[in-house]
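S.K.: Shown below is the structure under consideration.
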Amino acid sequence: MDANATASTSSPPHTSWGTIAVVYVAGVVTAMSLGKFSPVEPAVADELGLSLTQSGWVISMVVGVGAAVGLPAGYLVHRFGARRSLVAGLTLTALAGATGAAAAGYPWLLTARAVEGVGYLLVTIACPALILRLARERDRATALSVWATFVPLGLGAGTLTGGLIGSTLGWRTWIAALAALTLTMALLTRTLLPRGAARPPAAVRLPRANALLWPAVLASALCLAALVTLPVIVLLPTFLVDRHGYSPATAGATTSVISLLSALGGLAAGALLRRRTPIAILSSAGLLTIPAAWLMFAPAPTPSATLTSAATISIVNGYLGALVLATLPLVLQHLDHADVGNAVVAQAGSLGVLLGPPLFGLITEGPGPRTLIPVTAIVITAAVAALLLVAGRERRHRRGVVPADQARAQEG
């Protein structure tokens, strides 16, 4: 935080890891909805008569909502409180999912997914804000880094479970079952989360535009990183089938395992932050994406080179995402602006996720995969540069900041 910031969000005497676990599970369950149509897409397309483009919009609509209205949603969470917004987001996701399970055509299904996107956005903004209020100051970076693994874990669980249920009981049963699970999670969250962590004090004003400058710089790093790391996972099945002769089933299973590796990157970032490793040093690890991209997109890569490169990029994806989330509290003028700050990050990350795959697809079909090597190098270098700017800014303000725990001790 800035030297002139006030930390009205007090650091609790002990980190409530059990309650944080409830918040984390809520995020994982919501992330299962993010990719729930991927394993059953052929069945949905066949029954509803969807084209490939329409299926793509059904899958990506949730992320599109975040890319469009992330910041306004952050102000909404700030107004109504993180706890209430989390419960509302889970409930909205569940109801939209149930509606989608009964869809009779493309417009119905796409509308349900758009509403589901609003619910997903509320969850992803509210959860980190809650974690900040539930963790004591020294544990916040670790807790946020663990939180950053909710997407790969949720996507992996959703892909695996959706494939099993969808192939045996049908896609509508799978979508309805996930809606029921999400609604159950909403009820549990409403019961188990403490009301005291619900919302910031009334005296805390909404952040002005200048207060969001540094969160926006940090968010740009996430947007750029997602732009060139996530598409590698999205395109990996195609690379494995077309270049290396994998069967679609084997390519899908391999991709699921590699996508889960991004969670290891998030945990690694948390462990290094807990050891107080400088952000500038941590940021430089993002450059590992460049040699990995060179191996993957060079002419005639071997299967082992492709898999090694994809695994490296997946880990870096999770690592940089966790680093951004854990660094966010350091660039807020007021810690109770975390919900709006999270919204800036969520919107930028969603924008990168939304634009990355089509960008890579256009380059692959046009100039060719080799062009992705310099594109990846330029974009990931810009992402690391943004993180280095934040690191330099944090160092300049460090001496003027009094940690919340120390401030309370002085007051006492």
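S.K.: For the pair Trp17 and Leu187, what calculated FRET efficiency results from E = 1/(1 + (r/R0)^6), where r is the Cβ-Cβ distance and R0 = 25 Å, to the nearest 0.05?
M.R.: E between Leu187 and Trp17, to the nearest 0.05, is 0.70.
S.K.: For Ala305 and Val234, compute 0.36 nm times the residue count separating them, minus their Cα-Cα distance, and round to one decimal in nm.
M.R.: In short, 23.8 nm is gained.
S.K.: Calculated from DSSP H runs of 4 or more alone, at -39500 (n - 2.57) each and per residue, what is the 222 nm mean residue ellipticity of the chain, nearest 500?
M.R.: So the calculated ellipticity at 222 nm is -26000 deg cm²/dmol.
S.K.: Now for a different question. State the extension gain, in nm to one decimal, for the chain segment bounded by Ala209 and Thr381, taking 0.36 nm per residue of separation less the distance between their alpha-carbons.
M.R.: 59.3 nm
S.K.: So what is the relative contact order of the chain, in percent, for Cα pairs below 8 Å that sit 6 or more residues apart? Before the final figure, lay out the partial values.
M.R.: Values: 716 pairs, mean separation 118.0, N = 412.
Taking the mean separation of contacting Cα pairs over the length of the chain, I get 29 percent.
S.K.: Starting from the Cα of Glu47, step 7 Å toward the Cβ, then list every residue of segment 110-131 with an amide N under 13 Å from that point.
M.R.: Inside the label zone: nothing.
Laboratory data are not the source of any read-out in this text; all were calculated from the coordinates shown. Keep in mind it's a predicted model, so treat the numbers as computed, not measured. Heads up, the Cβs are rebuilt from the backbone with ideal geometry, glycines too, and the neighbour counts pull from every protein chain shown.
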